[in-house]
Structure formats: structure tokens, C-alpha cells
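Enquirer: Input: one structure, supplied below.
The values are calculated or read from the model by the stated rules, or taken from the named source; none is laboratory data. Please read these numbers as outputs of a predicted model, since none were measured by experiment. As a convention, Cβ positions derive from the backbone with ideal geometry for all residues, glycine included, and neighbour counts pool all protein chains shown.
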Amino acid sequence: MTARALALFVATALSLSCDSTGQSACDCDDPTITINIPTDVAASATLKALSGPACEGVLPSCTNQTNGCSQYQFDAAGAGDCQIEVDFATGSSFNADITVIAADDPCCNGFFASPPSAATVDVPAPSPDAGG
């Protein structure tokens, strides 16, 4: 390969990996995990402390205060499993387990739900006869 052809190849490769500002362009998933609680029952719901190695010490933030708190968000602290528990005043509870993995792209940092669709947890309303 001639020096000119090599230079052209390198310039093309670099332009494919950079955005218009010349910075490296990464296509990373959002690491945020979201818990949605139906607004009509959010006032009677309590999000228990998260558990499992991926969520140890993580405190979710209320990001939608409709009728108490109808949405929580957090970023995992590490790879592994994360258990989510939401208790209702009716005595019923909702439990979900999420698998969290470390980013496998050197361009992206953080921990992500796997599969990516698991990053959104939709809590169903308790059935009317639950807990009784």
C-alpha cells in the first residue's frame, strides 16, 4: 500500500469513528433503570430498598411525583442481579429481578440492564382482591 493510500485509509477510518465536532462518537444505551407505578395506585405503593449485588447501596430517585411517586429511576452500582420490590397498602407486592451487565463497548461506560428492554419495569396495579 502506498503512503498516500494508507493516509487516505486512516483518514477515512477516523472520520467514521468521529462526529462532526471531531470527538469520538459513541452509540451507548442509557444506563438508567426506570420503575413505573400506575398513577392511580402510586399513593398506596412503597418502593422497598433495592437489593442484590448490582443495586447494593443504590437509592432510586422519584422522577414523577404524580399521586405520591409514580416513577423512580436509578443507575446500577455494578454487574449482577438487582431485585426490586414494590409493596401496596392492600398487602400485595410486586417483585422483579433485573440482570445488569458491565458495558462491553470500550466507548461506553457504566452498567446496563440486560436485555435493554429490562431497563423499564412497569409495575401492574394490584388486583382488587389482592392481600385479602
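Enquirer: Might you let me know whether the range 34-57 holds any residue that is modelled with pLDDT of 90 or more, touching a strand residue (DSSP E or B) at 6+ places or on another chain (Cβ under 7 Å) and at positive phi? Spell out how you get there, then give the answer.
Expert: As a first pass, look at the range 34-57 and keep what is modelled with pLDDT of 90 or more: 34-48, 50-57.
Now restrict to residues that are touching a strand residue (DSSP E or B) at 6+ places or on another chain (Cβ under 7 Å): 34-37, 41, 44-48, 50-55.
Adding the requirement that they be at positive phi leaves 52.
Scanning the range 34-57 turns up at least one residue that is modelled with pLDDT of 90 or more, touching a strand residue (DSSP E or B) at 6+ places or on another chain (Cβ under 7 Å) and at positive phi.
Enquirer: List every residue pair whose Cβ atoms lie under 9 Å apart, where the two residues are 6 or more positions apart in sequence or sit on different chains, the first residue falls within the range 87-113 and is at positive phi, and the second residue, located anywhere, is exposed (fewer than 12 other Cβ atoms within 10 Å of the Cβ).
Expert: What qualifies is GLY91/GLY132.
Enquirer: Do you know which residues across the range 64-84 are exposed (fewer than 15 other Cβ atoms within 10 Å of the Cβ) and either over 13 Å from the mean Cα position of the chain (by Cα) or of a type in the set (Gly, Ala, Ser) (or both)?
Expert: Matches in the range 64-84: GLN65, THR66.
Enquirer: Collect the residues in the range 36-58 that are outside any loop (DSSP other than H, G, I, E, B) and among the polar types (S, T, N, Q), keeping them in residue-number order. Write out each step before concluding.
Expert: First pass over the range 36-58, keeping only residues outside any loop (DSSP other than H, G, I, E, B): 36, 42-47, 51.
Selection gives ASN36, SER44, THR46, SER51.
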